[in-house]
Amino acid sequence: MHVYIYDDYLNKNKYTKAINRMEIRLTDLGLNGKIIRLGGIKNIKGSIQNEIKLGAKTIIAVGNNQTINKIIGAIINTDIYGDFQKKTLLGIIPIGDDNSIATSFGIKDEEEACNILLARRIEKIDLGLVGKHYFLNQATIQSSGTKLDINDYSIEIEEKGEIKIINLLSEKIKNIKSNPHDGKLDILIQTKKKDQTFITVDALRVTNESEKLIIDGVLEINTPVDIQVMRDKVNVIVGKDRLFE
């Protein structure tokens, strides 16, 4: 059984045509299923967990990065996670902005996403963990004034720029590869002076007194905060043009 989770922002008129195209394509491919609209639900976590208990084989996030994070947050570290990991796949249909996670999985738009759901190409993916929050792509923070504590050493950055803590690349970066299956996080430090540092770690602590950490481009987190990786946590339906092997 397919269960489609529509995010609440899709109620806006500007998304009507995209949703209509998606629903027509799903019907043509025989991928109809149950629709849950988050806009009318108070207990989002309970609703998603209930669908898994009822035997949903595929949960499809229809929306953006935040939609995916809502679904993962409703499942991980709960009583039904074991069933989800063994029996349920996560699918993605991107609509609107902030869809870097879909891009990472080789999913460009809503119509292509339907074809990818039909093909059912599956990858088991690590999850990044920031405090109590999960991320698929990356966490970012401005570099100036940031301190990274990694095992028995620290890195303090004074130059302006950006730090990316990567589980899964959201865009192609020259000479940089990230593996979302290896139980590792990749740190990319890029400064305005065009200096670039790349480190692979198991875990780290990030501290910046004036800047927030942003996960998957949608959620701001205060620091200091510990970041780690959880290996092989989610089975995702991906496209052939995904940004990893």
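The values are calculated or read from the model by the stated rules, or taken from the named source; none is laboratory data. A quick note: this is a predicted structure, and the numbers were derived from the prediction, not measured. FYI the Cβ positions are ideal-geometry reconstructions off the backbone, even for glycines, and counts take in every protein chain you see. Only protein heavy atoms, including side chains, enter the accessible area calculation; ligands, DNA and RNA are left aside. Shrake-Rupley method; radii C 1.70, N 1.55, O 1.52, S 1.80 Å.
Inside segment 129-172, residues that are part of a strand (DSSP E or B), over 18 Å from the mean Cα position of the chain (by Cα) and surrounded by fewer than 23 Cβ atoms within 10 Å (Cβ to Cβ) make up a count of 11. Keeping to segment 47-72, report how many residues are assigned to a helix (DSSP H, G or I) and open to solvent by 30 Å² or more (accessible area, probe 1.4 Å). Count: 7. Put simply, of I199, I187 the only residue that is part of a strand (DSSP E or B) and buried (at least 18 other Cβ atoms within 10 Å of the Cβ) is I187. Within segment 4-36, the set of residues being free of Cβ contacts under 8 Å to residues at least 24 places away in the same chain and buried (at least 16 other Cβ atoms within 10 Å of the Cβ) comprises just one member, E23. What number of residues within segment 187-245 satisfy the criterion of being at positive phi and among the basic types (K, R)? Final tally of qualifying residues: 1. Scanning segment 73-83 for residues being of a type in the set (G, A, S) and open to solvent by less than 10 Å² (accessible area, probe 1.4 Å) gives a total of 1.
Have a look at G106, G183 and point out the one that is within 15 Å of L243 (Cα to Cα), of a type outside the set (V, I, T) and in contact (Cβ under 8 Å) with a residue 24 or more places away in the chain.
G106
All of I107, I93 fail the test of being part of a strand (DSSP E or B) and crowded, with 22+ Cβ neighbours inside 10 Å, apart from I93.
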